[in-house]
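Structure first, commentary second.
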Amino acid sequence: MDVLGLLYLDELSHGLANLSMFPYFDMAHYVVSVMALREQPGALEVSRVSPLACWFSSMLYCFGGAVLSGVMLAEPPVAPLTNSTSVLLASIIWYLVFYCPMDLVYCCAAVLPLRLVLSGMKEVTRTWKVLGGVTQAHSKYKDSLLVMIAIGWARGAGGGLISNFEQLVRGVWKPETNELLKMSYPTKITLIGAVLFALQQSHYLPFQKHHLMLIYTVFIVVNKSRMMLTGSSTSPFATIESAIYKTLFTGSSPYAALTDEVKKPCIDNGTTNKTSSPARTKESSENRAAGTHTPVSPVRGPNEAKEESENSINCKKTD
Amino acid sequence: MDVLGLLYLDELSHGLANLSMFPYFDMAHYVVSVMALREQPGALEVSRVSPLACWFSSMLYCFGGAVLSGVMLAEPPVAPLTNSTSVLLASIIWYLVFYCPMDLVYCCAAVLPLRLVLSGMKEVTRTWKVLGGVTQAHSKYKDSLLVMIAIGWARGAGGGLISNFEQLVRGVWKPETNELLKMSYPTKITLIGAVLFALQQSHYLPFQKHHLMLIYTVFIVVNKSRMMLTGSSTSPFATIESAIYKTLFTGSSPYAALTDEVKKPCIDNGTTNKTSSPARTKESSENRAAGTHTPVSPVRGPNEAKEESENSINCKKTD
Amino acid sequence: MDVLGLLYLDELSHGLANLSMFPYFDMAHYVVSVMALREQPGALEVSRVSPLACWFSSMLYCFGGAVLSGVMLAEPPVAPLTNSTSVLLASIIWYLVFYCPMDLVYCCAAVLPLRLVLSGMKEVTRTWKVLGGVTQAHSKYKDSLLVMIAIGWARGAGGGLISNFEQLVRGVWKPETNELLKMSYPTKITLIGAVLFALQQSHYLPFQKHHLMLIYTVFIVVNKSRMMLTGSSTSPFATIESAIYKTLFTGSSPYAALTDEVKKPCIDNGTTNKTSSPARTKESSENRAAGTHTPVSPVRGPNEAKEESENSINCKKTD
């Protein structure tokens, strides 16, 4: 019985590994991405004022990962355009979501059950994208784990990582926030996936590729659905994060580091003194701007805190 | 008689196709580009405060297209620097336009008749640049129409498309506006040219290359001169644009899309609701910032409207 | 005696030329760079809010030159990540400088004598980086002096040249200032080095490479130490700069160029007139923003003036 179960799982993972993303899963990815763009503040206005900018923005949402990883590997950023079928498909979906008479397509796709299915399918494509990035990096830089992780991450979460420049296309500029400063859930989960697949690729993990694909895919799909259904935004890594954060990154408390009394002994060329006070003012202004907060409560990492407060946005932003 | 006329035109087009841009037409391009930079607000001040930044900015005006298309094809952006003669020529012109004693050069070149001739010659180089971009893309990506169009457009209108970053060199940052959000006339005409030459390159157009070159060149030169002489800014595509805009991009009116009453039925996970109100506020702020306006009059597309109000700037900006 | 001295110098230069930067000099470079980042306003706050952004920012400080020259030559910007040892080393130093308990590492490294030694060693790496860039460019573009200079400069002063985007990672955006608008001392000295090594590479200089390396290294180390010890910030090129500036870049005084009376004769299509007045207002606003000033005193170039007022910042910023 147990053996049968394992056999079944093995077959299942093989089946999943041979699953083709085109066209259905890709379409789901395009639909969810374009809807996420449409739900950005001001996006609808841009779609009326300049359809071209709106189209370009949508393409960055759909193919941002390919563009970013292309740039990082010095491959032509226009490469995604060569796949006419995908671009055509994405463009049709972009048109239907933004300009369909009566807003039919958007309204239908926004119905929870359908949106749930589409988001689930989109998450599946994440596995393929991350794996694709890792493999591509592996073929170029045999033994560099870091590059594999970077490219896998870029390929899987590109849309989020280049959001600053995607917003610039729409005339929006929010320098005070980016995915590195406050990672959204999708970016986090993609980073973890990139690490796992990179380790597997370098045979540091006692897994076979298709098994890892099954486990990772199931995890992200289930987790995504849970978050959409419960509307809860407690990242599954909250506790781990805060633990790591407290262990590693609180060596010298910001207060100690920022108070002149403590700093005095370090000041020799007087430069530190000069900057320390602007530093404090800068912070406070930054806090107001980016809505971050100094980790006063020692219990939870700031990322986690932000995660909670912004997950609803993030879900949309980089879904 | 008619036959003779055709023969003459054919000879003419052959002659044009064999015309060399170097040195006279290139020089005209450099002069007009550097003058356009000099007429940007704050440019003169920068030329006094930091000649290096001013020179770099001028080079971006002169070679922006080559740099942008290079980046898009993953070719070295420094490549234009390898053509020492062109760079030297452009640098001399930059120096004369900005620092010539008594401002002689600028004053002479700014005299309407001369400026008219120079602008006409500059427009001629546009044909060569667009065609060069299309051919370069064709040699790399045989059958990808989109890439040909993108590269041709980038090569021909690069200076305008990277204007945000060119301004950054001079310490100016205007995120609320870019060439995709509100296309200037030169950018539009270049895009059309890129489409035409890409279609011709893929044999979708029943034209021979040199004939298309003649037609396109004559059109842009004549149109440019008309706009400079009459000072009028009515784009020749105004009517077509508004027609296309009304047909394609008003499926769901912005008002319908932005009013909660209509949106309500779509709201399931409540996310749309959250963003819809910031959306409206964002717009209004964006409108104030970018000086755009929601297309209230159903008769004309917003691009066209902006075109009119800003053509005097645009002409200078990306000429 | 004199001959012996020369022989000794020759041996010394050979010894220097064969000096390996790894690990000690590289370490010094990483330590000084990460400390410079830590002394940026708001950096400490970022290090608490998002260690990842802080790490990425530090890597840009340490490997910015390699990344920038990579981009300029269309080589993968991720290439620096392939050198695991260097990245690991830099990451450890980043961790110790930012998160070491009791802030021990930073306090020790900030003690003047130690900091002096580290900065000296860091300056030595500059020679190797500039030379590396020039050689790399030479291997790709045999006879292009400009490219050699550009790449050498980018490799040696990359951290400073991309500072706008490095700040963006930390959520800071200061468009009104960049290294081209107001060059810091390190950027200047690197540019001069790039020019010298490029000339030597193309055999325009009657020097042997190792001799030039010795001269340049000694100069930058001595000069850097002097500036740190005396706290003085008078650039050694102040006089030359102002001389060049006065000779070349004051042909048409900004006042003449900006006053309408003088401009009138140039105005034909009325465009100049339109921009001239915004130009003036723009300036004044820019001046307030970037803290620059119109070169009222004809005696000294504005760069030099800025240099003095900001050297303390600059030293830290791009050290």
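Pairs of alpha-carbon atoms within less than 8 angstrom and 6+ residues apart define the contacts here; what relative contact order does the stretch B:20-231 have, in percent?
It comes to 25 percent, rounded to a whole number.
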For this session: Starting from a label point 7 Å past Cα on the Cβ side, list the distances from A:ASN83 to the same position in the other copies, nm, shortest first.
Result: 3.4, 3.4
Problem set entry | Under the Debye formula (equal points on every Cα, no solvent term), log10 I(q)/I(0) of the stretch B:50-209 at q = 0.08 Å⁻¹ | -0.26
Exercise. Ignoring any ligand, DNA or RNA, what whole percent of the accessible area of the stretch C:67-226 comes from carbon and sulfur when the probe is 1.4 angstrom?
Worked result: 75
For this session: Ignoring everything but the protein chains, give the 1.4 Å probe accessible area of C:ARG38 in square angstrom, nearest 10.
Result: 10
Problem set entry | Those trypsin sites (Lys or Arg not before Pro) in the stretch C:75-145 that DSSP places in a loop and that have at most 10 other beta carbons within 10 Å | none
Seminar exercise, completed: On protein heavy atoms with a 1.4 Å probe, the accessible surface that disappears when B meets C, both sides summed and given to 100 Å², is 3900
Exercise. Ordering B:LEU89, C:LEU6, B:LEU73, C:LEU146 by how much accessible area each has at a 1.4 Å probe, largest first, what is the list?
Worked result: C:LEU6, C:LEU146, B:LEU89, B:LEU73
For this session: Please give the contour-minus-distance gain from A:THR85 to A:ASP143: 0.36 nm per residue of separation, less the Cα-Cα distance, rounded to one decimal in nm.
Result: 17.5 nm
Exercise. Listed here are the pairs A:LYS129/A:LYS182; B:LYS129/B:LYS188; B:LYS224/B:LYS246; which of them are more than 20 Å apart at the Cα?
Worked result: A:LYS129/A:LYS182; B:LYS224/B:LYS246
Problem set entry | Distance from the stretch C:92-168 to the stretch A:162-198 (C-alpha centre basis), Å | 27
For this session: Would you jot down the residues in the stretch A:46-84 that end up with at least 50 Å² less accessible area in the complete protein assembly than in the chain alone, with a 1.4 Å probe?
Result: A:ARG48, A:VAL49, A:LEU52, A:MET72, A:ALA74, A:PRO76, A:VAL78, A:LEU81, A:THR82
Problem set entry | From phi via Karplus (6.51, -1.76, 1.60), per-residue ³J(HN,Hα) for the stretch B:113-125 in Hz, x at Gly/Pro | x, 5, 4, 4, 4, 4, 4, x, 4, 4, 4, 4, 4
Problem set entry | Where labels lie 7 Å past Cα in the beta-carbon direction, separation of B:CYS100 and A:THR234 in nm | 7.4
Problem set entry | Separation of alpha-carbon centers, the stretch A:13-51 and the stretch B:1-70, rounded to whole Å | 40
Exercise. What distance in nm separates the simple spin-label points at A:VAL117 and B:THR135, each placed 7 Å from Cα in the Cβ direction?
Worked result: 5.2
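The values are calculated or read from the model by the stated rules, or taken from the named source; none is laboratory data. Please read all numbers here as calculations on a predicted model, not as lab measurements. In this analysis, Cβ positions are derived from the backbone assuming ideal geometry, glycine residues included, and neighbour counts consider all displayed protein chains. Please note that ligands, DNA and RNA were not included when accessible areas were found on the heavy atoms of the full protein model with its side chains. Shrake-Rupley method; radii C 1.70, N 1.55, O 1.52, S 1.80 Å.
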